[in-house]
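The values are calculated or read from the model by the stated rules, or taken from the named source; none is laboratory data. In this text, all values refer to a predicted model and were calculated from it rather than measured experimentally. Cβ: placed from backbone, ideal geometry, glycine included. Neighbour counts: every protein chain shown. Heavy atoms of the whole protein, side chains included, go into the accessibility calculation; ligands, DNA and RNA do not. Shrake-Rupley method; radii C 1.70, N 1.55, O 1.52, S 1.80 Å.
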Amino acid sequence: MEQKEFIYKILLLGDSSVGKTCFLMRYTDNTFQDIHMSTIGLDYKLKNVQLEDGKMVKIQVWDTAGQDRFRSITKNYYKGAHGIILIYDVTESKSFENVKNWMNQIKEEVSNRVTIVLVGNKIDDEENRKITTEQGESMAKEFDIMFFECSAKTGENIDGIFNNLVKKVVENFAKSAESGQKLKKKKAGGKHCC
Ligand code: GTP
């Protein structure tokens with residue numbers, strides 16, 4: 001029987017206008033749009049990623065709506081997520097301040113096995129930058145998550161972010177599958193005990 005291919009689920013989260021859709025479009029289609037069209041609810045794209053060891057894995061990346069009015073829809077999609085990319089806009093302080101609220105919501109919805117990465121987008125707009133790299137780094141440290149900066153406009157660092165995240169997601173998934181197996185064996189062993 002043909003085995004079903006495993007797909008890792010990645011979510012893009014963050015305030016409205018931080019550039020989630022552009023980030024995804026740059027990664028999957030290598031395109032960029034100057035206009036902001038708010039995402040309504042959700043949308044996803046599939047992509048094959050080659051790991052350093054040559055292994056190919058499939059990811060499904062969900063672009064969620066940043067606007068509050070869609071929050072109840074997007075919350076459902078936390079279920080089964082393997083990785084989360086939490087984006088803020090380095091030119092918008094509010095989107096950075098809201099990272100704490102996003103992290104609180106994420107912690108409520110997902111297990112701590114989910115790999116999270118914090119990303120500061122729009123670094124091409126250096127003139128309007130409000131949030132320094134050091135501020136981003138220290139926020140990520142506070143939550144013990146990975147940190148990167150990028151530009152969906154120029155494409156800087158987009159592939160690198162996905163490669164690093166997917167590598168970590170696959171590692172963590174293997175670890176949790178292994179500990180799940182051990183637990184199962186232990187339980188089964190317990191039944192036959194004595
Ligand atoms: P919602 O769907 O409302 O949650 O917004 P979003 O986070 O998906 O934002 P979107 O990708 O639609 O981008 C919002 C605006 O930011 C658009 O006008 C984009 O052109 C602009 N933008 C996105 N990424 C970049 C970037 O890297 N640099 C610059 N300068 N502008 C960007």
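Summary of values
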| read-out | value |
| --- | --- |
| Contacts under 7 angstrom Cβ, first residue in region 15-35 being among the acidic types (Asp, Glu), partner surrounded by fewer than 22 Cβ atoms within 10 Å (Cβ to Cβ) and modelled with pLDDT under 90, 6 or more apart | none |
| Every residue from region 77-132 that is of a type in the set (Asp, Glu) and either within 11 Å of the ligand (Cβ to nearest atom) or open to solvent by less than 20 Å² (accessible area, probe 1.4 Å) (or both) | Asp89, Glu92, Asp124, Asp125, Glu126, Glu127 |
| Residues (aromatic (Phe, Trp, Tyr) and at pLDDT 95 or above) located in region 72-102 | Tyr88, Phe96 |
| Selection within region 23-38 - out of contact with any Phe, Trp or Tyr (no Cβ under 8 Å at 6 or more places or on another chain), outside any loop (DSSP other than H, G, I, E, B) and more than 7 Å from the ligand (Cβ to nearest atom) | Leu24, Thr28, Asp29 |
| Helices (runs of 4 or more DSSP H) lying entirely in region 85-143 (those with 2 or more residues that are farther than 27 Å from Thr154 by Cβ and in contact (Cβ under 8 Å) with a residue 12 or more places away in the chain) | 99-109 |
| Residues of region 40-51 that turn out to be within 16 Å of the ligand (Cβ to nearest atom), open to solvent by 30 Å² or more (accessible area, probe 1.4 Å) and in contact (Cβ under 8 Å) with a residue 24 or more places away in the chain, as a count | 2 |
| Residues that are touching a strand residue (DSSP E or B) at 6+ places or on another chain (Cβ under 8 Å), of a type outside the set (Ser, Thr, Tyr) and within 14 Å of the ligand (Cβ to nearest atom), drawn from region 133-155 | Phe148, Glu149, Cys150, Ala152 |
| Residue in region 143-194 that is modelled with the lowest pLDDT, counting only those that are closer than 25 Å to Glu126 by Cα and open to solvent by 80 Å² or more (accessible area, probe 1.4 Å) | Asp159 |
| Tabulated pairs, region 52-67, first closer than 9 Å to Leu12 by Cα, second of a type in the set (Asp, Glu) and outside any loop (DSSP other than H, G, I, E, B), C-beta under 6 angstrom, 6+ apart or interchain | Asp63/Asp43 |
| Unmet requirement for Leu165, which otherwise passes all of (1) assigned to a helix (DSSP H, G or I); (2) at positive phi | (2) |
